[in-house]
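Each value in this text was obtained by applying a stated rule to the coordinates, not by laboratory testing. Everything numeric here is computed off the predicted structure, so don't read it as measured data. Backbone-built Cβ (ideal geometry, glycine too); neighbour counts: all protein chains shown.
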Amino acid sequence: MPLDQIAVIGAGVMGTGVAQTLAQTGHKVLLLDRSLNILQRAQEKITRDVRMHQLYTGQKFDPDQILAEIKITTEYGDLAGVDYVMENVTEDWLLKKEVYQQLDIICSQDCCFASDTSAIPITRLASATSRQDKVIGIHFMNPVALKPMVEVIKGVHTSDKTLAITKRILQQMNKKYIVVNDSPGFVSNRVLMLMVNEAIFLVAENIASPQDVDKLFKGCFGHSMGPLETADLIGLDTILNSLLVLYDAFNDSKFKPCPLLKQMVHAGFLGKKSGRGFHTYGGNN
Amino acid sequence: MYRDTIRTFLKNYISDSINDDQDIFSGGYVNSLFATQLVLFIEENFDLTVESEDLNLDNFKSINAINFFIAAKKDGKR
């Protein structure tokens, strides 16, 4: 089966990065979001990011050629012919559930669904469809085009065939992968969200500034980014939503979001994408 | 020549004092993704276009490197 027709649902930071990476690795992409306005902003971001790709990798791509491989749409009906779907919708169970119900009706029976979710279990997402064996998790990292590895999550019902197709696409995308079993937050975010939340508590308690918290992790542990820089890059709204999913899933108070995180999200300080989080960022990110 | 403007911009992101030759990327002062913001800042503030052949981290790694790059672009030497 040719795997060159891939739909990307959601044109936020992650969906845009996934669409860019797919197009840069020879795939034809259909990018869907609710509004044309969001999709046009995504095209602008892709143009900028494709250009800057060279700065980090030395690999040169023509932004116009990459954009030509990414068709945009607001209509689910356009997804009828795609071979594979990568979903990147906001970390909200009800929103995602609605998307999977739509996809299940529109897409062909052979089409697999991969969720780029931060914490919602894949088995739960699969339960919104009539094809639980064809639902899998691909946890991409931001920025998608530059990060070499992804976390692949097998739901309870995910078939070996779905896993094999997914591995093939990831190889085509030049991504290494680690396959793990299903759990809220999987491996990476179950650990990362706790660390980020605790770092935010340290700032809230005035134990250290965000700059110093991050410097300690970089200088002492050799991390390339500190936990608060990482949180800013992911988006503080996504961090909050992920913690809420983990808190709900485990009923364990260790996942209770720090009040400062809630306040920052309510204030619109969402991190790099809004220009301000624990650090400040200039220009249009 | 352009160092003051570059320093002012970098101060928004780097709290430590850095000398003009210090490598801001390998020194861990900023993560490498900051280069995108830096390039956009240079284009907007100095009214020049960073061409695809200019997109090399070496051109943006220190205050002196950035200053040299902008001066060369302004002189039409790049």
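Assuming charge only on the beta carbon of Lys and Arg (+1) and of Asp and Glu (-1), the dipole of the range A:190-274 about its Cα centre is about 100 debye to the nearest 20. Within 10 Å of the Cβ of each residue in B:49-56, the mean number of Cβ atoms contributed by other protein chains is 3. For a straight C-alpha distance cut-off of 12 angstrom, the aspartates and glutamates reachable from A:K256 (same-chain residues fewer than eight places away being disregarded) are A:E198, A:D248. With the convex hull constructed from alpha-carbon coordinates only, chain B shows a mean projected area of 4.7 nm² over all directions. Note that the range A:188-194 has calculated 3J(HN,Hα) couplings of 4, 7, 5, 7, 4, 5, 5 Hz, one per residue in order, obtained from phi through the Karplus relation 6.51 cos²θ - 1.76 cosθ + 1.60 (θ = phi - 60°); glycine and proline are x. Within the listed set A:C107, A:C258, A:C220, the Gaussian network model of chain A (springs between alpha-carbon atoms below 10 Å) gives the highest mean-square fluctuation for A:C220.
To make sure I understand, if each residue's beta carbon is the centre and we count other beta carbons within 10 Å, what order do A:Y281, A:Y84 fall in, fewest to most? Don't skip to the end; give the middle numbers.
Numbers: A:Y281 20, A:Y84 25.
The order, fewest Cβ neighbours first, is A:Y281, A:Y84.
What Kirkwood hydrodynamic radius, in Å, does the range A:5-181 give when the mean of 1/r is taken over all pairs of distinct Cα atoms and then inverted? About 16.0 Å for the range A:5-181. Cross-link partners of A:K60 among aspartates and glutamates, defined as those whose alpha carbon lies under 13 angstrom from its own and excluding same-chain residues fewer than eight positions apart: A:D49, B:E51, B:E53, B:D54. Any idea what % of Cα-Cα pairs in the range A:190-274 are farther than 22 Å? The answer is 21 percent, as a whole percent. For the range A:1-64, the C-alpha radius of gyration sits at 1.11 times the compact-globule guess of 2.2 N^0.38 Å, with N the residue count. In chain A, helices alone account for a calculated mean residue ellipticity at 222 nm of -14500 deg cm²/dmol, with every DSSP H run of four or more residues adding -39,500 (n - 2.57). Partner shielding of A:205-212 amounts to 1, given as the average count of beta-carbon atoms from other chains within 10 Å of each residue beta-carbon.
By the gyration tensor of its Cα atoms, with a ≥ b ≥ c the square roots of the eigenvalues, what is the shape of the protein assembly as shown: rounded for a/c under 1.5, prolate for a/b over b/c, or oblate? If you can, show how the numbers build up before the last one.
Details: a/c = 2.19, a/b = 1.36, b/c = 1.61.
In terms of gyration-tensor shape, oblate.
Spin-label pair A:S224-B:D16: with each label point 7 Å from Cα along the Cα-Cβ axis, the two points sit 1.9 nm from one another.
Shape call for the range A:94-221 from the C-alpha gyration tensor, a ≥ b ≥ c root eigenvalues: rounded (a/c under 1.5), prolate (a/b greater than b/c) or oblate? Prolate.
Within the shell defined by Cβ-Cβ distances under 10 Å, the residues around A:T280 carry a net charge of +1, with Lys and Arg each +1 and Asp and Glu each -1. For the protein assembly as shown, the list of Cys residues with no other Cys C-beta under 4.7 Å reads A:C112, A:C220, A:C258. Shielding of peptide A:236-243 by partners, expressed as the average count of other chain Cβ atoms within 10 Å per residue Cβ, is 0.
What is the fewest-to-most order of A:D49, B:D16 by other Cβ atoms lying within 10 Å of their Cβ?
Listing A:D49, B:D16 from fewest to most nearby Cβ atoms yields B:D16, A:D49.
Of A:M193, A:S118, A:Q54, which is farthest on the positive side of the dipole of chain A, counting Cα position, with +1 on Lys and Arg Cβ, -1 on Asp and Glu Cβ, and the Cα centre as origin? The one lying farthest along the dipole's positive direction is A:Q54. With the simple model of a label 7 Å out from the Cα in the direction of the Cβ, A:H266 to B:S26 spans 4.7 nm.
Listed here are the pairs A:K147/A:K176; A:K96/A:K254; A:K28/A:K71; A:K154/A:K176; A:K96/A:K161; which of them are more than 18 Å apart at the Cα?
Working: A:K147/A:K176 9 Å; A:K96/A:K254 25 Å; A:K28/A:K71 8 Å; A:K154/A:K176 16 Å; A:K96/A:K161 24 Å.
Check vs 18 Å cut-off fails for A:K96/A:K254; A:K96/A:K161.
Packing order of peptides A:88-101, A:109-122, A:59-72, highest average first: A:109-122, A:88-101, A:59-72 (average count of other Cβ atoms within 10 Å over each peptide's residues).
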